[in-house]
1. Out of Val142, Val127, I need the residue that is in the same structural domain as Glu55 (by TED's automatic domain parsing), in contact with a strand residue (DSSP E or B) (Cβ under 9 Å, 6 or more places away or on another chain) and not charged (D, E, K, R). Which one?
2. Going by the conditions given, is Phe228 under 24 Å from His132 (Cβ atoms) and either modelled with pLDDT of 90 or more or not assigned by TED's automatic domain parsing to the domain that holds Asn56 (or both)?
3. Might you let me know whether segment 152-168 holds any residue that is open to solvent by 70 Å² or more (accessible area, probe 1.4 Å), within 30 Å of Glu20 (Cβ to Cβ) and part of a helix (DSSP H, G or I)?
4. From the list Gly66, Gly49, Gly103, pick out the single residue that is within 16 Å of the ligand (Cβ to nearest atom), touching a residue at least 40 places away in the same chain (Cβ under 8 Å), not in a strand (DSSP E or B) and not aliphatic (A, V, I, L, M).
5. Specify which of the listed residues (Ala190, Ala185) is under 25 Å from Leu54 (Cβ atoms), in contact with a helix residue (DSSP H, G or I) (Cβ under 6 Å, 6 or more places away or on another chain) and outside the structural domain of Thr85 (by TED's automatic domain parsing).
6. Of all residues in segment 52-63, which are among the charged types (D, E, K, R) and either within 12 Å of the ligand (Cβ to nearest atom) or free of Cβ contacts under 8 Å to residues at least 12 places away in the same chain (or both)?
7. Looking only at segment 195-217, filter to residues that are open to solvent by 70 Å² or more (accessible area, probe 1.4 Å) and without any contact (Cβ under 8 Å) to a residue 12 or more places away in the chain; which one of those is nearest to the chain's Cα centre (by Cα)?
8. Answer with yes or no whether Gln9 is away from the ligand (no atom under 16 Å from the Cβ), within 21 Å of Arg130 (Cβ to Cβ), open to solvent by less than 40 Å² (accessible area, probe 1.4 Å) and at pLDDT below 95.
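The values are calculated or read from the model by the stated rules, or taken from the named source; none is laboratory data. In this text, all values refer to a predicted model and were calculated from it rather than measured experimentally. We place every Cβ from the backbone using ideal geometry, glycine too, and count neighbours over all the protein chains shown. Quick note on the areas: whole protein, heavy atoms, side chains included, nothing else; ligands and nucleic acids left out. Shrake-Rupley method; radii C 1.70, N 1.55, O 1.52, S 1.80 Å.
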Amino acid sequence: MNPVPPVNQAVANLRVLLIEDQRAMAENIWEFLEMQGQVMDHAADGQAGLALALENAYDMIVLDLGLPRLDGVEVCRRFRAQNKTTPILMLTARERLEDKLLGFEAGADDYLTKPFELRELAARIQVLHRRHQRLFPSIVQVGSLILDLIQRAATRDGQALSLSPSGFRLLEALMRRSPNVLLYADLAQALWGDAEHDPARLHTHISLLRTSVDRDHEQPMIQTVHGFGYRLVPPAAA
Ligand code: CA
């Protein structure tokens, strides 16, 4: 018996958001992926889909290009503008190369042209998911500080930290760059998706984060780099 699972073993329990306006198509995809063990969510127009995508954490977004209320390309563009890395698989009824290029430009990772086999969709989801996990591991660790991006939870020395959604985004940005400095503009980008920033508001967010991360510890991890920004460093070994 080999205790190591095969590399190509299918991953189940992925949270998949399907944004597709054609009801029959949506039902088919939903049923097929659900049968494969994925946890499905659905929106029938672009605006509702974008709202769901921004509100919840998904492992995968399957996005139709031709959608009412907000075009798929625009959904993709606005989602990526918020620094979201969730893989996006586009569905397009259009064979034109220009449409596909437009989708990639907007931040899609892969596409399928309708009509397609559901098995191919499932296979592409698996490939995209694995690639994304290699690029963006779901656990980020600096010293004894651990951030679980799937559970949206953080611990330091095994103690759970209480974080607001902004605090979580800020901490993730600091941890990913650790021990390097994050400039004010980078922090603003992580918080508000925009490099424009208000130093006072930024400072408030950092103070709150410091309370959660450093309050009960002798060695603070969040350091101020005057005139530039902040950085997060692992405490020196005692
Ligand atoms: Ca459509």
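1. Val127
2. So Phe228 does not fit the description; no.
3. yes
4. Gly66 is the lone residue from the list that is within 16 Å of the ligand (Cβ to nearest atom), touching a residue at least 40 places away in the same chain (Cβ under 8 Å), not in a strand (DSSP E or B) and not aliphatic (A, V, I, L, M).
5. Ala190
6. The answer is Glu55, and nothing else.
7. Restricting to residues being open to solvent by 70 Å² or more (accessible area, probe 1.4 Å) and without any contact (Cβ under 8 Å) to a residue 12 or more places away in the chain, the top hit is Glu196.
8. Considered against the rule, which asks whether it is away from the ligand (no atom under 16 Å from the Cβ), within 21 Å of Arg130 (Cβ to Cβ), open to solvent by less than 40 Å² (accessible area, probe 1.4 Å) and at pLDDT below 95, Gln9 comes out as no.
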